Amino acid sequence: MREVSVERLNEGDVLAKEVYSSNGKVLLGKGVVLNSMYIARLRALGVYGIYIDDELTSDIIIEDVISDQHRHEAMAAIEKSCKNIQTQKDNESGIKESISNIVQDILFQKEIMISLMDMRNIDNRVYAHSVNVCVLSTVLGKGLGLAVDKLNELALGALLHDVGIVNLPKEVINKRGPFTKEERDIYQTHALHGYDLIRSKKETSIIIAHMAYQHHEWTNGKGYPRQLKGAAIHPLAEIVAVADFYDCLIHGSPGIPRVLPHVACEILMANAGVRFRQELIHIFLKYIAAYPTGYTVKLNNGETGVIVGQNKGLPTRPIVRIFNGKINRKQVRVIEYNLVEERTLFVEYIIE
């Protein structure tokens with residue numbers, strides 16, 4: 001399978017992964033042959049990229065770090081939990097089970113390299129972001145060597161970190177360009193709103209509330225809402241802040257336009273020691289594919305290919321499959337470059 005921008009889809013392309021709504025309902029199923037109506041629907045939903053199957057990339061399998069079932073259950077659980085928090089209901093059994101499943105999925109994996117994008121849309125954008133931040137935070141927490149009980153606490157706080165955003169105006173939540181000062185002031189209230197909402201839940205730890213409160217604080221003291229600095233920021237909130245920022249960059253978020261993964265990695269590195277502790281960025285980037293598997297790229301030798309594999313610890317040196325002309329009418333010449341071995345080659349850019 002390979003990733004394709006919805007703007008480059010053609011009739012006859014075959015969907016390789018399902019597109020879901022926030023409640024886990026399949027909007028378009030795996031194996032669906034896309035026609036003009038489906039393509040128009042994907043664009044209307046705000047989906048910017050999907051995975052498709054074709055003969056040349058049918059052997060490429062892109063695995064998520066958690067199961068599809070657990071990801072969709074977590075999305076449904078966070079949606080339900082947000083409603084429960086707003087209505088002062090106390091049933092949190094579903095979200096705790098989802099957290100346990102996510103943590104166990106991640107602990108089970110020996111080698112983690114995050115390549116998969118989630119195909120979020122207007123309907124599930126907020127909940128997909130919350131689940132992604134939960135997954136990314138747990139991966140970073142595992143990399144830091146946190147105990148299982150701390151990972152569960154971290155995962156819960158990460159899943160609930162943006163609960164305060166649900167009451168904001170939709171025009172603010174859905175904006176991807178730069179905020180006006182008024183819009184920024186409104187948006188920044190979500191950290192305090194989230195803190196207050198979580199604190200109102202008797203059975204929820206105060207640490208969970210502080211992860212919602214502090215996930216926009218910077219280590220240099222220039223974050224919000226309280227301009228906390230360095231050790232004043234709770235260590236679990238620091239982890240959530242890194243995961244939140246990365247996911248906002250690669251998928252777009254209120255006030256932040258979307259960038260490609262390798263650009264997001266560069267932005268993270270530039271913020272090491274400024275916005276985040278250097279140790280957190282160093283460990284986090286070990287698990288992130290700068291050029292994700294399935295993406296189409298242009299190499300500096302002019303050839304175009306698809307990323308088919310990763311080299312652990314070397315996120316900018318993936319394995320690239322080139323389709324280099326036809327041998328005859330039916331066969332295509334296929335060459336694979338491992339950029340660890342081909343030292344004069346490098347990725348110039350991702351083709352969307």
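The values are calculated or read from the model by the stated rules, or taken from the named source; none is laboratory data. Just so it is clear, the structure is predicted and the values come from calculations on it, not from any experiment. Counting neighbours? That spans all protein chains shown, and the Cβs are built from the backbone with ideal geometry, glycine included. For the accessible areas, the whole protein counts, side chains as well, though only heavy atoms, and no ligand, DNA or RNA atoms are used. Shrake-Rupley method; radii C 1.70, N 1.55, O 1.52, S 1.80 Å.
Numerical summary
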{"quantity": "Some residue of segment 228-241 being of a type in the set (Asp, Glu), within 18 Å of Cys134 (Cβ to Cβ) and in contact (Cβ under 8 Å) with a residue 12 or more places away in the chain", "calculated": "yes"}
{"quantity": "Number of positions in segment 19-40 that are in contact (Cβ under 8 Å) with a residue 60 or more places away in the chain and in a loop (DSSP other than H, G, I, E, B)", "calculated": "2"}
{"quantity": "Complete set of residues in segment 279-318 that are open to solvent by 40 Å² or more (accessible area, probe 1.4 Å) and over 21 Å from Thr138 (Cβ atoms)", "calculated": "Lys298, Asn300, Asn301, Gly302, Thr304, Leu314, Thr316, Arg317"}
{"quantity": "Residues (under 20 Å from the mean Cα position of the chain (by Cα) and closer than 20 Å to His215 by Cα) located in segment 176-189", "calculated": "Arg176"}
{"quantity": "Among the residues listed as Ala16, Ala77, the single one being buried (at least 18 other Cβ atoms within 10 Å of the Cβ), touching a strand residue (DSSP E or B) at 6+ places or on another chain (Cβ under 6 Å) and under 24 Å from Val126 (Cα atoms)", "calculated": "Ala16"}
{"quantity": "Segment 41-58, residues that are of a type outside the set (Gly, Ala, Ser) and touching a residue at least 24 places away in the same chain (Cβ under 8 Å)", "calculated": "Leu42, Arg43, Leu45, Val47, Tyr48, Ile50, Tyr51, Ile52, Asp53, Asp54, Leu56, Thr57"}
{"quantity": "Tally, over segment 127-152, of residues that are open to solvent by 40 Å² or more (accessible area, probe 1.4 Å) and either on the phi < 0 side of the Ramachandran plot or touching an Asp or Glu at 6+ places or on another chain (Cβ under 9 Å) (or both)", "calculated": "8"}
{"quantity": "Verdict on Asn328 being assigned to a strand (DSSP E or B), modelled with pLDDT under 90, open to solvent by 50 Å² or more (accessible area, probe 1.4 Å) and not aromatic (Phe, Trp, Tyr)", "calculated": "no"}
{"quantity": "Any chance Leu56 is surrounded by fewer than 17 Cβ atoms within 10 Å (Cβ to Cβ) and more than 29 Å from Ile102 (Cα to Cα)", "calculated": "yes"}
{"quantity": "Qualifying residue in segment 88-106 (condition: among the hydroxyl-bearing types (Ser, Thr, Tyr), over 18 Å from Ile283 (Cα atoms), assigned to a helix (DSSP H, G or I) and touching a residue at least 24 places away in the same chain (Cβ under 8 Å))", "calculated": "yes"}
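Residue by residue, here is whether (1) in contact with a Cys (Cβ under 7 Å, 6 or more places away or on another chain); (2) under 25 Å from Gly177 (Cα atoms); (3) in contact (Cβ under 8 Å) with a residue 24 or more places away in the chain holds:
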| position | (1), (2), (3) |
| --- | --- |
| Ile267 | no, yes, no |
| Ile319 | no, no, no |
| Arg333 | no, no, no |
| Glu352 | no, yes, yes |
